[in-house]
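The values are calculated or read from the model by the stated rules, or taken from the named source; none is laboratory data. Keep in mind the model is a prediction, meaning the values are calculated, not measured. For neighbour counting, all protein chains shown are included, and Cβ atoms are generated from backbone atoms with ideal geometry for every residue, glycine included. SASA here: full protein model, heavy atoms, side chains in, ligands and nucleic acids out. Shrake-Rupley method; radii C 1.70, N 1.55, O 1.52, S 1.80 Å.
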Amino acid sequence: MTDRPRPLVAGNWKMNGLKSSARILGDLQIGYTPGLRSKVDLLVCPPATLIQNFAVLAIGSRIAIGGQDCHAAESGAYTGDISAEMLADMGASYVIVGHSERRTYHREKDADVRAKAEAAHRAGLIAIVCVGESREEREAGKTLAVVRRQLRGSVPEAATAADLVIAYEPVWAIGTGLTPTPSDVAEVHALIRDELRRIVGRADQTKVRILYGGSVKPSNAKELLAVPNVDGALVGGASLVAADFLAIAGAYLV
Ligand code: 13P
């Protein structure tokens, strides 16, 4: 992997944050120093209610703003849903699709996730496609098979290195404080890199960023981000504390 992509550290705020949370974004802007900027991209995915405000506040800071989900359709009678075009219209440049919380609580299947990723591309957004096994699947030795199946089912065939990010988030590691060992992470990320050859082609497979997510904290970021084929992190809880999020990104400073 000589041509490693530029790393991306992304914060998924989930259903957290009010208008007053703009101060967290302000602290991130202050902490995103030229040194850090030269090493790593930062992305904040707040709840949809804050995207427009954050996108305006972030102008000039090079911190990208993204959504946490989108509907597959451009518009229509889908009460409560938000389209990729609406996210783009508010100033988002990324959208997370297929997060395990969407797959679990909203019963999203691989085909739904793929349709959402296609919608993201239609709207000019970069899709962060999430995959990851449950605890039962890991204990049954099915991790690689599950991740392969999710990738093949969830990533649009027309995806390119420019509009695709993959996030590997083992479900059992999300919000639990548990993390896989570096060698377990390496094994899954190697599989994802290999699968990317089928999706974006051999020439571009090394350009797609593969993020690790699940209980990433300042204390474990250095170890996890040093794993081969880990090109950044998708951070939940720790992304709500500016100092912690910046410390995670700071793992790239040395
Ligand atoms: P935590 O970092 O809180 O474990 O959440 C990870 C996650 O789900 C990011 O999308």
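Assorted remarks:
- Cα gyration tensor shape for segment 71-131, rounded if a/c is under 1.5, else prolate or oblate: oblate
- For segment 1-21, backbone nitrogen atoms closer than 17 Å to the point 7 Å from V56 Cα along Cα-to-C-beta are found at 18-21.
- For the chain: rounded, prolate or oblate by the Cα gyration tensor [a/c cutoff 1.5]: rounded
- Structure-based [θ]222 nm, the chain - -39500 (n - 2.57) summed over DSSP H runs of at least 4, per residue, nearest 500: -11500 deg cm²/dmol
- With protein chains left intact and a 1.4 Å probe, residues in segment 1-107 average 51 Å² of accessible area per residue.
- Here the label points at A145 and V241, each 7 Å from Cα along the C-beta direction, are separated by 4.0 nm in the simple model.
- Residue-span extension gain [E136 to K109] - 0.36 nm each, minus C-alpha spacing: 7.9 nm
- Simple label model, 7 Å out from Cα along Cβ direction - A226 to R37, nm: 2.9
- Net charge, E85 excluded, C-beta distance under 13 Å - Lys, Arg +1, Asp, Glu -1: -2
- Near the amide H of G232, within less than 5 Å, lie the amide hydrogens of L8, Y212, all on another chain or at least 5 residues away, with H placed in the peptide plane.
- Cβ-based net charge around E223, under 14 Å, with every Lys or Arg adding one and every Asp or Glu removing one: +1
- Accessible solvent surface per residue of segment 142-218, calculated while the other protein chains remain in place, 1.4 angstrom probe, Å²: 40
- For segment 163-172, 3J(HN,Hα) per residue [Karplus equation, 6.51 cos²θ - 1.76 cosθ + 1.60, θ = phi - 60°, Hz, x = Gly/Pro]: 10, 10, 10, 10, 10, 8, 10, x, 4, 6
- Share of carbon and sulfur in the accessible heavy-atom surface of the chain [1.4 Å probe, %]: 53
- Segment R198..E74, full-extension length gain: 41.8 nm, with 0.36 nm per residue of separation and the alpha-carbon distance subtracted.
- Under-23-angstrom lysine pairs by C-alpha in the chain, whenever the two are 8 or more apart or on separate chains: 9
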